[in-house]
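Undergrad: One structure, as structure tokens, below. Some questions next.
The values are calculated or read from the model by the stated rules, or taken from the named source; none is laboratory data. No experiment lies behind these values; they were computed from the predicted model shown. Cβ atoms come from the backbone with ideal geometry, glycine included; neighbour counts cover every protein chain shown.
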Amino acid sequence: MRRELPMIVAFVAGLILILQFFIPALRDVSESVQNWVIVVAAFAIAVGAFNLLRVNYMKIRFRRADWPFSVVLIAGFVVMVVVGLSGLDFVREGGSAVPAAVGAPTAATAAAGAPTAGTAVAVAAAPRGALTVKLGQGIEVGTVFDWLFTYLMFPMSGTMFALLAFFVASAAYRAFRARTVEATLLLVSAFIVMLGQVPLGSFWVPAWWPFFLTPDWLKDKIMEIGNTAGQRAILIGASLGVVSTSLRILLGIERSYLGEE
Amino acid sequence: MARYAFLRITFLCLVVAASAAGAEGTLRAADGLTVTDTPLDAGGSVDVAWQPSPDDAAGKLKVLGYELWRASSATGTYTKLVDADAGLATYSYTDATAVTGAEYFYKVRVRGEKMSTDTAPTGPAVSRVQWFHPERLNMLVASILLSAFILYYIAQARAGKELFIRRIAGLEAVQEAVGRATEMGKPVLFVPGIADVDDIQTIAALTILGRVATMVAEYEAALIVPCIRSLVMSTAQEVVKEAYLEAGRPDAYRPENIRYLTDDQFGYVAGVDGIMMREKPAANFYLGTFYAESLILAETGHAIGAIQIAGTAMPSQLPFFITACDYTLIGEELFAASAYLSREPRLLGSILGQDWGKVVILFFILAGAVTAVIAQFDVTIGGYSINLAQLFVVR
């Protein structure tokens, strides 16, 4: 039953989701099934978090290679959980909201020996309120959790994304060497498309130049005909593969995902 | 006579003006109230729509808003459903509290400053269950046809018929990659994509993981599987454990090698890159759903000198994998991998059935292309100009 039960669940759930596409009456049932998946996935987050902590704790405990990184990971994990769950926030209460400003000289500032009219004089800042710690503020904009997310998490993600620029350059350098016919075709088409994408590509074209030899026109034809046809062919093949694999899983022919042949 | 005629004309003008502009003290009802069963649903829903009152415009009597009321009969007790502000060009509301099969009557009340006016009750509207989506009939036929091909060839395979599948270089290289890692004493890295287990590409990747894990267990190498989703990690652990069990090496299974990193896309990439730089795997597998991180992974793997086999059905990421990896499984090859590596007849039969489905699609693409070309031309026959496509119209 250990093998049969998951297969039965997969078959019934899959059948419902397929049939609801053609039978509107089953839409509510299908939505319930999908909500159950969301609930299961939510519980699975705890499983993943526990695995993450356990693996890194063992690295620290047995001083395996690069164990200090695990300390950083666990510290970051704990900080975000504590800050997020507690809704920690630092707010200033009391005092004036107006910060220090630069204003025109007044009689009072003149009497105090400040420069004469026409010169800007720093006005004494209104006292700011005392900094207090508040809990239960959630993870809204302005809270510590939001600050950590916005000023640590986002820049780090952006940094990783920015690496793509360098990796594209290094991959292009290797791929565009014209050693084979295919590589030469790749190089020529990439050159035409890049030239067609920038204003400089059309800048040098004289008036008498045939339109079908301009980078713009060639780029459009490569993208609209060649590239689109290739992508559609891949999508058609992949879609058929998806149908075939799904059918094999629903019928229990493919059982590798359960851990058996 | 002239005076009476003048009075009659004046009176008529006043009547016309009053009816056109709304006589003082009356507020005209909303126009065009329609109530229909919500199409293509599971019942329990009625669509109501109406146009604003002719008085709901600048210069007329002021309309403050509209109210939609419902009752079980035209003369029954009405219940207010919703309020709506004045000033819109058209109004619509979906009554999702209707009981399937029950009759309902609706009316719209126009609310003015000093008075309100109701439309006549409109109905009965009955919410019904729709049991078939007629616009998806073509999809149903295509699905049945494709499924029939697949099931037929699975049956053929079960009956013992020899089935041919062409050589796929990327899959032939799996054993070579695992062997290389074993010789170098380095681990094998398997990245099952960045989607959850409900994505079919992830399932395809996990089925290949089972085959790779069996090879790794037999060759006594190490296998590292970083996962981006907890459910993928749980499934992968089960798959790899069973693979080690099947290979007769349950003692070699290391659950800590199949680990969860993070749900964040670039955090996961950073983690995998860190594993690559520290563990220096000799063979990298990137199989499943990938997005922008594909090139980051592939280039880092290239930098450490690993042999790389990638496979995805994402057309936008395939060029990156083809450029940076040694072998790439393109689209359907990823889904054929499980059948290819196991050589099980039933799985091979499904591949053949899927290929015949491709033949049918190819036929329709060609037929559509030819028809589209024919439709471009007009021909003059006997003084009459006709479009060639009309010759194929059945009358």
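Undergrad: One residue is enough: does segment A:210-227 have a residue meeting the conditions at the interface with another protein chain (Cβ under 7 Å from one of its Cβ atoms) and not acidic (Asp, Glu)?
TA: Within segment A:210-227, none of the residues are at the interface with another protein chain (Cβ under 7 Å from one of its Cβ atoms) and not acidic (Asp, Glu).
Undergrad: Name the residue, out of A:Val193, A:Val205, A:Val243, that is surrounded by 11 or more Cβ atoms within 10 Å (Cβ to Cβ) and either in contact with a Pro (Cβ under 6 Å, 6 or more places away or on another chain) or modelled with pLDDT of 90 or more (or both).
TA: The conditions single out A:Val193.
Undergrad: Of the residues in segment B:309-327, how many are in a strand (DSSP E or B) and either surrounded by fewer than 24 Cβ atoms within 10 Å (Cβ to Cβ) or not assigned by TED's automatic domain parsing to the domain that holds B:Gly193 (or both)?
TA: Final tally of qualifying residues: 1.
Every residue, every condition in (1) touching a Cys at 6+ places or on another chain (Cβ under 8 Å); (2) closer than 25 Å to B:Arg254 by Cβ; (3) in a helix (DSSP H, G or I), yes or no:
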| position | (1), (2), (3) |
| --- | --- |
| A:Leu5 | no, no, yes |
| A:Val39 | no, no, yes |
| A:Phe50 | no, yes, yes |
| A:Tyr57 | no, yes, yes |
| A:Ile60 | no, yes, yes |
| A:Arg63 | no, yes, no |
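Undergrad: To continue, here is another question. So which residues in segment A:179-201 are within 20 Å of B:Asp326 (Cβ to Cβ) and either among the small types (Gly, Ala, Ser) or under 28 Å from the mean Cα position of the chain (by Cα) (or both), if there are any at all?
TA: A:Ala183
Undergrad: Scan segment B:283-307 for residues that are surrounded by fewer than 24 Cβ atoms within 10 Å (Cβ to Cβ) and not in a helix (DSSP H, G or I) and report the count.
TA: Residues meeting the conditions: 6.
Undergrad: In segment A:55-77, which residues are at the interface with chain B (Cβ under 9 Å from one of its Cβ atoms) and exposed (fewer than 13 other Cβ atoms within 10 Å of the Cβ)?
TA: A:Ala65, A:Asp66, listed by residue number.
Undergrad: Give segment A:241-261 a look and list any residue that's touching an Asp or Glu at 6+ places or on another chain (Cβ under 6 Å) and either more than 7 Å from chain B (Cβ to nearest Cβ) or part of a helix (DSSP H, G or I) (or both), or say none.
TA: If the condition is that a residue be touching an Asp or Glu at 6+ places or on another chain (Cβ under 6 Å) and either more than 7 Å from chain B (Cβ to nearest Cβ) or part of a helix (DSSP H, G or I) (or both), then A:Gly241, A:Arg248 are the ones that fit.
Undergrad: If you go through segment B:226-241, how many residues are in a helix (DSSP H, G or I) and within 23 Å of the chain's Cα centre (by Cα)?
TA: 2
Undergrad: Another question, if that's okay. Would it be correct to say that A:Ser86 is away from chain B (no Cβ under 13 Å) and polar (S, T, N, Q)?
TA: The answer is yes for A:Ser86.
Undergrad: Next up: Name the residue, out of B:Gly44, B:Gly76, B:Gly87, that is part of a loop (DSSP other than H, G, I, E, B), within 30 Å of A:Ile18 (Cα to Cα) and out of contact with any strand residue (DSSP E or B) (no Cβ under 6 Å at 6 or more places or on another chain).
TA: Only one candidate passes the filter, namely B:Gly44.
Undergrad: Within segment B:248-277, take every residue that is under 17 Å from A:Ser70 (Cβ atoms) and of a type in the set (Ser, Thr, Tyr) and give me the one that is nearest to the other protein chains (Cβ to nearest Cβ).
TA: Checked segment B:248-277; the qualifying residue nearest to the other protein chains (Cβ to nearest Cβ) is B:Tyr260.
Undergrad: Restricting attention to segment A:14-54, and to residues there that are among the polar types (S, T, N, Q) and over 24 Å from the mean Cα position of the chain (by Cα), which single residue is surrounded by the most Cβ atoms within 10 Å (Cβ to Cβ)?
TA: Within segment A:14-54, the first condition is being among the polar types (S, T, N, Q), and the residues that meet it are A:20, A:30, A:32, A:34-35, A:51.
Add one more test, that the residue is over 24 Å from the mean Cα position of the chain (by Cα), and what stays is A:20, A:30, A:32.
Numbers: A:Gln20: 20, A:Ser30: 18, A:Ser32: 10.
Checking each candidate, the answer is A:Gln20.
Undergrad: Is there a residue in segment A:4-13 that is surrounded by 16 or more Cβ atoms within 10 Å (Cβ to Cβ), more than 23 Å from A:Phe145 (Cβ to Cβ), touching a His at 6+ places or on another chain (Cβ under 9 Å) and not assigned by TED's automatic domain parsing to the domain that holds A:Ile253?
TA: So far as segment A:4-13 goes, no, none of its residues is surrounded by 16 or more Cβ atoms within 10 Å (Cβ to Cβ), more than 23 Å from A:Phe145 (Cβ to Cβ), touching a His at 6+ places or on another chain (Cβ under 9 Å) and not assigned by TED's automatic domain parsing to the domain that holds A:Ile253.
Undergrad: Given the condition crowded, with 20+ Cβ neighbours inside 10 Å and either over 30 Å from the mean Cα position of the chain (by Cα) or assigned by TED's automatic domain parsing to the domain that holds B:Ala324 (or both), answer yes or no: does some residue in segment B:243-252 qualify?
TA: yes
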